[in-house]
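To keep things clear, I will list the structure first and then write my remarks on it.
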Amino acid sequence: MRPPAVRHPFEAGSLTDAANAPALYDRYPQYERVLGWVHSFVTQPHAGLGRPGPVCPRLAPALRLNLVRLVAIRTDTVSVAEAGEKGGALAALYEELFDDAESFRTGALMAVFPDLPQEGADAFIDGGHARLRMSFVARGLMIGEFHPHSAVTSVRNPALPVMRCPVPMFAVRALSRHDVIFLDRPQTPPADREQYLKHLLHHLGDQLPEREKKRIQAGITELEGAK
């Protein structure tokens, strides 16, 4: 695996694929905890999901193809500003690592923060995600916010905290047609909701069934008319 051209803010020597991550467990014990959680929860079915299949249907194929990458980001504070600045670099890193159409669609990038203290880590991740989400969607990417106390739940089951990971982490993957269920939600501010839907159509419009495309376009028109 070639080293990334984007150096800051990733720690030298921390970038690895999942298959070779065990060699770095001593240096980054977060990798072992994250991958243990991935194998025991994320790629497994769960009775509380309200649907068949694993918690995240995309991750098992990425693991089989060895298209899951892990990287460590060093931090100086627990400020949301630093989370936004350093987490924002993950978009360019993803695009560099997965630079062909197939790997871009299939891959996943997980970033851990070894220096984050327990106190303040939740706000760092959640606040950084709030700052970054729109810019990632605009590039055809989704960024997920994970930490031990996450309150984000399954779409179908508000009692199942699907983003509750043993370590604070951002995870990046390509936007998919099914992300409309996350981006087109009534509780999202209308202006943001409109922009999310426009980005979704821009990146995935040619992959959507015509009926779904028309439904999303009608939602955009309605949101524009409500201004």
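Side notes on the structure shown:
- Residues located in the stretch 29-45, provided they are of a type in the set (S, T, N, Q) and either part of a loop (DSSP other than H, G, I, E, B) or free of Cβ contacts under 8 Å to residues at least 40 places away in the same chain (or both): S40, T43, Q44
- Yes/no for V155 being within 24 Å of A123 (Cα to Cα), surrounded by fewer than 16 Cβ atoms within 10 Å (Cβ to Cβ) and touching a helix residue (DSSP H, G or I) at 6+ places or on another chain (Cβ under 6 Å): yes
- Candidate set from the stretch 112-133 (those that are assigned to a loop (DSSP other than H, G, I, E, B) and not polar (S, T, N, Q)); member that is least open to solvent (accessible area, probe 1.4 Å): F113
- Test set (1) open to solvent by 40 Å² or more (accessible area, probe 1.4 Å); (2) part of a helix (DSSP H, G or I) - T77 fails condition number: (2)
Each row is one residue, and each column tells you yes or no for (1) free of Cβ contacts under 8 Å to residues at least 24 places away in the same chain; (2) closer than 18 Å to D115 by Cβ; (3) aliphatic (A, V, I, L, M); (4) in a helix (DSSP H, G or I).
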residue: A12; (1), (2), (3), (4): yes, yes, yes, no
residue: A21; (1), (2), (3), (4): no, no, yes, yes
residue: G48; (1), (2), (3), (4): no, no, no, yes
residue: P57; (1), (2), (3), (4): yes, no, no, no
residue: N66; (1), (2), (3), (4): no, no, no, no
residue: A91; (1), (2), (3), (4): no, no, yes, yes
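- Residues considered: R156, R133, R177. Of these, the only one that is modelled with pLDDT under 95 and either under 27 Å from A18 (Cα atoms) or touching a Ser or Thr at 6+ places or on another chain (Cβ under 9 Å) (or both) is R177.
- Qualifying residue in the stretch 19-33 (condition: touching a strand residue (DSSP E or B) at 6+ places or on another chain (Cβ under 6 Å), within 18 Å of M169 (Cβ to Cβ), modelled with pLDDT of 95 or more and of a type in the set (A, V, I, L, M, F, W, C)): yes
- Taken together, the criteria exclude V55 from residues that are over 28 Å from D192 (Cβ atoms) and either surrounded by 22 or more Cβ atoms within 10 Å (Cβ to Cβ) or within 15 Å of the chain's Cα centre (by Cα) (or both).
- Considering each residue of the stretch 110-126 in turn, none proves to be closer than 18 Å to W37 by Cα, among the charged types (D, E, K, R), modelled with pLDDT of 95 or more and under 14 Å from the mean Cα position of the chain (by Cα).
- Index of the failed condition, G120 passing every other in (1) out of contact with any His (no Cβ under 9 Å at 6 or more places or on another chain); (2) closer than 17 Å to T188 by Cα; (3) not β-branched (V, I, T): (2)
- Every condition in (1) more than 17 Å from G140 (Cα to Cα); (2) assigned to a helix (DSSP H, G or I); (3) open to solvent by 30 Å² or more (accessible area, probe 1.4 Å) holds for L223 except the one numbered (3).
- Residues in the stretch 200-211 that are assigned to a loop (DSSP other than H, G, I, E, B) and either of a type in the set (K, R) or surrounded by fewer than 16 Cβ atoms within 10 Å (Cβ to Cβ) (or both): P209 alone.
- Scanning the stretch 161-199 for residues that are part of a helix (DSSP H, G or I), open to solvent by less than 60 Å² (accessible area, probe 1.4 Å) and of a type in the set (A, V, I, L, M) yields a total of 3.
The values are calculated or read from the model by the stated rules, or taken from the named source; none is laboratory data. Here the structure is a predicted model, which is why all the values come from computation and not from measurement. Cβ coordinates were reconstructed from backbone atoms using ideal geometry, including for glycine residues, and neighbour counts include every protein chain displayed. Note: accessible area is taken over every heavy atom of the protein model, side chains too, but ligands, DNA and RNA are not part of it. Shrake-Rupley method; radii C 1.70, N 1.55, O 1.52, S 1.80 Å.
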